[in-house]
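*Asks:* I'd like to ask you about the structure that follows.
The values are calculated or read from the model by the stated rules, or taken from the named source; none is laboratory data. Because the structure is a prediction, the values reported are computed rather than measured. All Cβ positions, glycine included, derive from the backbone under ideal geometry; neighbour counts span all protein chains shown.
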Amino acid sequence: MRFRYTILYVDDVTNTIEFYERAFGLDRKMIHDSGDYGELATGDTILSFSSKVLMKQIGKSPGDVNPSAPTFEIAFETENVAEQLKCAVEAGATLVQEAEEMPWGQTTAYIRDINGFLVELCTAVRPQP
């Protein structure tokens, strides 16, 4: 078995895909003709978006994002967190935490995407001596 998809439920799939392209430089893998599902090329695990309308149509009950009480985060690894953070905010992300060096040897920053999802920008964790 392998971890294949993360699917976030959003109101507007196309707008969300376009935001992730601008904010993080990700490439669009596809958007279904219906506009209710789309994917970004993110390596072995695919970051996908499905419309809340579609999820309701197939019997699911998607909840709304609560930015003040996130229940998960997605993370993008980059060599330059500060630069990527600036790009994300310019694309419309909301700043949560500026780039900061963590005690375990990683630089992290946090934003909320246009849907309110928490996104971490980080460097790889450096090996500890």
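*Asks:* Just for strands (runs of 3 or more DSSP E) wholly inside the stretch 1-48: which have at least 2 residues that are touching a Ser or Thr at 6+ places or on another chain (Cβ under 8 Å)?
*Replies:* Counting at least 2 such residues, we get 5-10, 37-41.
*Asks:* Let me ask something else. Only one of ILE46, ILE31, ILE7, ILE17 is under 18 Å from GLY63 (Cβ atoms) and either outside the structural domain of GLN84 (by TED's automatic domain parsing) or modelled with pLDDT of 95 or more (or both). Can you tell me which?
*Replies:* ILE7
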